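Below is one structure, written out as structure tokens; comments come after it.
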Amino acid sequence: MKTQAQWVATTDQQRLWVKTFGDSSKPALVLVHGYPDHQEVWDALIVELVEHYFIVSYDVRGAGESSIPKHIRDYRLERLSLDLEEVVDAVLPNRSFHLAAHDWGSIQSW
């Protein structure tokens, strides 16, 4: 399975660790994990989904390899949803995508 990883810089100077899996010509599926997890929570599911989707997952701010903001205000829902937008704009420019999220990831993505 083809896997790539990259950093995505946010407009408020955080760094999000993003991984992609599979063939980029397939429909895109973005996975957003919950708290206190990190993107590896999706690993078993990615193995099953990569046959049908180009998978994008990332460590949300403060989790996994992504940077940890210094201020609690940097975890506002508006900021967290903007993180999703910035990841998608960097990795899937001008593409539609499916979204799957759980726990806190679903709240911030909603």
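Summary table
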| quantity | calculated |
| --- | --- |
| Check on I68, closer than 17 Å to Y35 by Cα, touching a Lys or Arg at 6+ places or on another chain (Cβ under 8 Å) and open to solvent by 70 Å² or more (accessible area, probe 1.4 Å) | yes |
| Number of the exception - A63 against (1) open to solvent by 60 Å² or more (accessible area, probe 1.4 Å); (2) within 13 Å of the chain's Cα centre (by Cα); (3) closer than 18 Å to L84 by Cβ | (1) |
| Segment 78-110: number of residues that are polar (S, T, N, Q), without any contact (Cβ under 8 Å) to a residue 40 or more places away in the chain and either over 19 Å from G62 (Cα atoms) or crowded, with 17+ Cβ neighbours inside 10 Å (or both) | 1 |
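The values are calculated or read from the model by the stated rules, or taken from the named source; none is laboratory data. As the structure is a prediction and not an experimental result, all values here were calculated from the model. No Cβ is skipped: glycine too gets one built from the backbone with ideal geometry, and neighbour counts run over all protein chains shown. In case anyone asks, the SASA skips ligands and DNA or RNA and just uses the protein heavy atoms, side chains included. Shrake-Rupley method; radii C 1.70, N 1.55, O 1.52, S 1.80 Å.
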